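Report on the following structure.
Every number here is computed from the coordinates shown, using simple stated rules; none is lab data. Every value quoted in this text rests on a predicted model; they were computed, and no experiment measured them. Note that each Cβ is placed from the backbone with ideal geometry, even for glycine, and that neighbours are counted across all protein chains shown.
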Amino acid sequence: MHTILGNAKKNKQADRVKDMLLQESLSTEVLTERIAKGQVVIPYNNKKILKKPCAIGMGLSTKINANIGTSEDASNVNEELQKMKIAEKYGADAVMDLSTGGNLDKIRHEIIQKSGIPVGTVPIYQIAMDTINAGKDISEITIKNILDTIEKHAKDGIDFVTIHAGIKKEFIDGSIPNKRLLGIVSRGGAILLEWMKKNNKQNPFYEHFSEILDILNQYDVTISLGDALRPGCLKDATDNLQINELFALEELAKIANEHNVQVIIEGPGHVPINQIETNILLQKTICNNRPFYVLGPIVTDIAVGYDHIAGAIGGAIAAWHGADFLCYVTPAEHLRLPNKDDVKDGVIASKIAAHAADIAKNNDIQRDIQMSVCRRMRKWTKQAELSLDPEKFALYRKSAMPKTEDVCSMCGNLCSIKKSDEWLV
């Protein structure tokens, strides 16, 4: 089976790779070389056509992902589809369906069919819910359940999947986990923790990793190696559990690449600002510059209700130092399932973080220069078009129209830009 990675190793250009050249500044040769080395990935299931594919990795613009999906308490598929459209509208490069409530197969089908951007899933969620709904215990999950569910997701057209294969039995059997304040905060990681403890066996995703890769190779699905042991609070950041799992993820990544399956490495989590650069350097060193996907990171534990801001601060710093893929954080993080407004706020916050980092690392400043030119000329309509949220721009402008239309209500006739144009000649 031909995959994007397999073709790149042979120095062949798939059409899906050529699509990226319109979006990125890299040459065909450099992009192909980096895909072959595992430094760039293009999540793109070979059973479908994507309207807006994206490339993630070294030398590319920073991409962002928006999580959507139902829960047992809220399982309206139409609401999730609206969230998906909002995420896409405001600039998300990918979405992940994290559904755990309702008809999971139907929800996933609808999201895949109506998304113009890559879609990811976390199969362990459906595996666990199907087991519980069948009246069984988590410990009764079998490798057949795992492989069948992953294949079902791949057949449906999923572009990337999070697989928690790096949480090994030996990591959770010692005394180190007891030193953590918040233990395991990854939902997938906690499910596998329960399975391993009850069965006293190795992580089945780790033991049967090659079988999983055979499925992903068939559909050219990118694997996102989940950080089941990511820190869930600042106190637990950059500890031995997190670092040990990172070494395990690179071990698995090498095996995946041998199977011509593309790999993303997932990362923290809650990290103090002064540890973010170290976290990125550790991942890039241990994992040979593979694409790094971070949740935030969130830089303080007390920003409840404003975690999109805490995540944007961490995301900007992380991307500046080399993170390639930012998972958005919404204001609802730690509180409830996000609503449509939360999704919009989370996407825009992450877009700000990604763009701020791209200015620093790629000198991606042209849009900012255009905005400044339009500000000087007081071209309000064009400023709205260049902004990340044109609707909010128009609403604010309309809500406080100044007496003179070519200025704003903050300065009015004392507009510094207008006076500069009059007297700085």
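Phi angles of segment 239-256 translate, via the Karplus equation with coefficients 6.51, -1.76, 1.60 and θ = phi - 60°, into HN-Hα couplings of 8, 4, 4, 4, 6, 4, 5, 4, 5, 5, 5, 5, 4, 5, 4, 4, 5, 4 Hz per residue; Gly and Pro are given as x. Within segment 381-410, find all residues whose amide N lies under 18 Å from a label point positioned 7 Å from the Cα of residue 416 along Cα-to-beta-carbon. Backbone N within reach: 407-410. For residue 298, nonlocal amide neighbours, meaning residues 5 or more places apart or on other chains whose placed amide H falls under 5 Å from its own, are 269, 270, 271.
Straight-line reach from residue 201: which aspartates and glutamates fall under 14 Å, measuring Cα to Cα and dropping same-chain residues less than 8 apart? Candidates past the 8-residue exclusion: 140, 170, 173. Find the centroid of the Cα atoms in segment 372-398 and in segment 74-95, then give the distance between the two in whole Å. If we compute the Cα centre of each part, the gap is 25 Å. The tail of the calculated P(r) for segment 135-203, taken as Cα-Cα distances beyond 15 Å, holds 61 percent of the pairs.
The separation of segment 302-330 from segment 106-145, counted between C-alpha centres, amounts to 27 Å.
Taking amide hydrogens as placed 1.01 Å from N in the peptide plane, the amide H of residue 48 sits under 5 Å from that of no residue at least 5 positions away in sequence or on another chain. Rounded to whole numbers, the Karplus 3J(HN,Hα) couplings from phi for segment 412-422 are x, 6, 8, 4, 5, 5, 5, 5, 4, 5, 7 Hz, using 6.51 cos²θ - 1.76 cosθ + 1.60 with θ = phi - 60°, and x at Gly and Pro.
Neighbour counting of Cβ atoms within 10 Å sorts the residues 121, 162, fewest neighbours leading, into 162, 121. Extension gain for residue 202 to residue 255 (0.36 nm times residue separation, less C-alpha to C-alpha distance): 17.3 nm. Counting beta carbons within 10 Å around each of 320, 380 and listing the fewest first gives the order 380, 320.
For residue 264, the residues 5 or more places off, or on other chains, whose built amide H falls under 5 Å of its own are 223, 224, 225.
The mean of 1/r over all distinct Cα pairs in the chain, once inverted, gives the Kirkwood hydrodynamic radius of 22.4 Å. Filter the cross-link list 235/351; 361/419; 169/235; 63/85 down to pairs whose alpha-carbon distance in this structure exceeds 25 Å. Beyond 25 Å between Cα atoms: 235/351; 361/419.
Among 274, 240, 289, the residue with the largest mean-square fluctuation in a Gaussian network model of the chain, with springs joining Cα atoms closer than 10 Å, is 274.
Compute the FRET efficiency between residue 9 and residue 218 as 1/(1 + (r/R0)^6), taking r as their Cβ-Cβ distance and R0 = 30 Å, and round to the nearest 0.05.
Using R0 = 30 Å, I get an efficiency of 0.95.
Looking at segment 366-423, the pairs of alpha carbons with a distance over 15 Å make up 50% of the total.
In terms of distances greater than 28 angstrom between alpha carbons, the cross-link table entries 48/382; 83/168; 9/51; 9/52 yield 48/382; 83/168.
Fully extending the segment from residue 362 to residue 133 would add 77.6 nm, taking 0.36 nm per residue of separation and subtracting the current Cα-Cα distance. In a fully extended conformation the segment linking residue 178 and residue 73 would gain 34.7 nm over its present Cα-Cα distance, using 0.36 nm per residue. Taking the square roots of five times each eigenvalue of the Cα gyration tensor of segment 79-221, the equivalent ellipsoid has semi-axes of 28, 17, 15 Å, listed largest first.
Here the Karplus curve 6.51 cos²θ - 1.76 cosθ + 1.60, taken at θ = phi - 60°, turns the phi angles of segment 372-382 into couplings of 5, 4, 5, 5, 4, 8, 6, 8, 5, 5, 5 Hz, with x standing for Gly and Pro.
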